[in-house]
1. Would you please list the contacts, defined by Cβ atoms under 9 Å and residues six or more apart or on different chains, that run from a residue in the range 255-267 that is farther than 21 Å from ARG243 by Cβ to a residue that is modelled with pLDDT under 90 and surrounded by 10 or more Cβ atoms within 10 Å (Cβ to Cβ)?
2. Among GLY13, GLY34, which is on the phi > 0 side of the Ramachandran plot, within 25 Å of the chain's Cα centre (by Cα) and not basic (Lys, Arg)?
3. Starting from the range 111-137, take each residue that is in contact (Cβ under 8 Å) with a residue 60 or more places away in the chain and buried (at least 16 other Cβ atoms within 10 Å of the Cβ) and list its partners that are hydroxyl-bearing (Ser, Thr, Tyr) and assigned to a loop (DSSP other than H, G, I, E, B), counting only C-beta distances under 9 angstrom and pairs at least six apart or across chains.
4. Just to be sure, is SER194 over 30 Å from VAL3 (Cβ atoms) and either surrounded by 14 or more Cβ atoms within 10 Å (Cβ to Cβ) or among the small types (Gly, Ala, Ser) (or both)?
5. Taking ALA156, is it of a type outside the set (Asp, Glu), assigned to a strand (DSSP E or B) and within 30 Å of ASN126 (Cα to Cα)?
6. Quick check on my filter: what residues within the range 28-50 are of a type in the set (D, E, K, R), part of a loop (DSSP other than H, G, I, E, B) and free of Cβ contacts under 8 Å to residues at least 40 places away in the same chain?
7. What do you reckon, is ASN126 more than 22 Å from LYS24 (Cβ to Cβ) and modelled with pLDDT under 95?
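The values are calculated or read from the model by the stated rules, or taken from the named source; none is laboratory data. Since the model is a prediction, treat every value here as computed from it, not as a measurement. Cβ atoms come from the backbone with ideal geometry, glycine included; neighbour counts cover every protein chain shown.
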Amino acid sequence: MKVHKPTTPGRRGMSVVSYKKLTKKKPLKSLTKGVKRSVGRNSAGRITTRHKGGGHKRRYREIDFKYNKKDVPAKVETIEYDPNRSGFIAILLYADGERRYTLLPQSIEVGDTVITSENAELKPGNRMPLKKVPVGTFVYNVELKPEGGSKIARSAGNYAEVIAIDGGFAHLKMPSSEVRKVSDKAWASIGEVSNEEHKLVNIGKAGRARHMGRRPTVRGAAMNPVDHPHGGGEGKAGRGHRRARSKWGKPTGKGQKTRRSKKYSNSLIVRRRKVGKRR
């Protein structure tokens with residue numbers, strides 16, 4: 001983590017991730033493409049997610065989340081920055097000459113070898129089915145369904161912990177503290193995602209957030225009553241009702257439950273995530 005000297009008000013308290021670990025600046029052209037970002041709008045052009053838009057143009061790096069090249073060892077060739085995700089990425093050079101981008105785990109350096117195999121060694125970066133992973137191991141890039149591609153624990157510093165293997169399922173403690181059952185035939189990578197300092201970054205100024213594609217967020221209490229349930233009142237008035245609400249009157253924040261009662265995966269949840277002060 002790098003903290004700047006307070007040469008301007010925006011610099012005071014501002015911090016950035018240290019990029020000394022990176023070994024290459026420009027991405028591999030054959031594994032990149034241009035992508036038009038949705039910036040919070042649907043196919044009709046209407047805003048469906050607020051506070052998104054603008055920002056720097058990005059080239060998309062095609063990350064291998066399928067890991068369908070099995071039993072072929074690969075050497076870590078480069079460590080690179082990816083503007084589309086919080087963790088660092090790496091180019092894997094497979095023994096047959098193919099190159100692919102992958103999410104980089106912690107404690108992996110250029111020149112290290114990784115493999116995707118049922119009989120892989122238990123070391124960071126290697127990939128295997130969950131039934132072969134010992135209890136207590138940290139995993140990332142976890143599949144929800146066998147051969148379905150990595151879905152869980154993909155952002156910087158994240159991991160899921162294997163806490164039990166029972167009845168054809170692995171019990172995973174998720175980054176959110178939820179305990180969930182996943183088929184033990186699903187594959188996962190050993191270790192934790194790189195760039196764990198990402199969560200400590202202090203953006204420092206509004207301009208930097210705009211470069212990242214984040215538009216301003218206005219508090220509901222600062223709006224008029226017609227615009228938000230928390231709006232109106234003289235001075236700093238209370239919100240006028242017990243539970244915090246979104247702009248559309250739905251419960252939000254403060255540890256309130258917003259999960260659908262008939263969600264398909266309810267039967268797979270062993271323990272709900274901890275929220276609010278209890279967490």
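1. ASN266/ARG259
2. Numbers: GLY34 fails: on the phi > 0 side of the Ramachandran plot.
Every option except GLY13 fails the conditions.
3. Filtered contacts from the range 111-137: THR116/TYR67; PRO124/SER107; GLY125/SER107; ASN126/SER117; ARG127/TYR67; ARG127/SER117; MET128/SER117.
4. Details: over 30 Å from VAL3 (Cβ atoms): no; either surrounded by 14 or more Cβ atoms within 10 Å (Cβ to Cβ) or among the small types (Gly, Ala, Ser) (or both): yes.
It is false that SER194 is over 30 Å from VAL3 (Cβ atoms) and either surrounded by 14 or more Cβ atoms within 10 Å (Cβ to Cβ) or among the small types (Gly, Ala, Ser) (or both).
5. For ALA156, the condition - of a type outside the set (Asp, Glu), assigned to a strand (DSSP E or B) and within 30 Å of ASN126 (Cα to Cα) - is not met.
6. From the range 28-50, those of a type in the set (D, E, K, R) are 29, 33, 36-37, 41, 46, 50; that's our starting set.
So of that shortlist, the ones also part of a loop (DSSP other than H, G, I, E, B) come out as 36-37, 46, 50.
Those that are of a type in the set (D, E, K, R), part of a loop (DSSP other than H, G, I, E, B) and free of Cβ contacts under 8 Å to residues at least 40 places away in the same chain: LYS36, ARG46.
7. Details: more than 22 Å from LYS24 (Cβ to Cβ): yes; modelled with pLDDT under 95: no.
So ASN126 fails the test.
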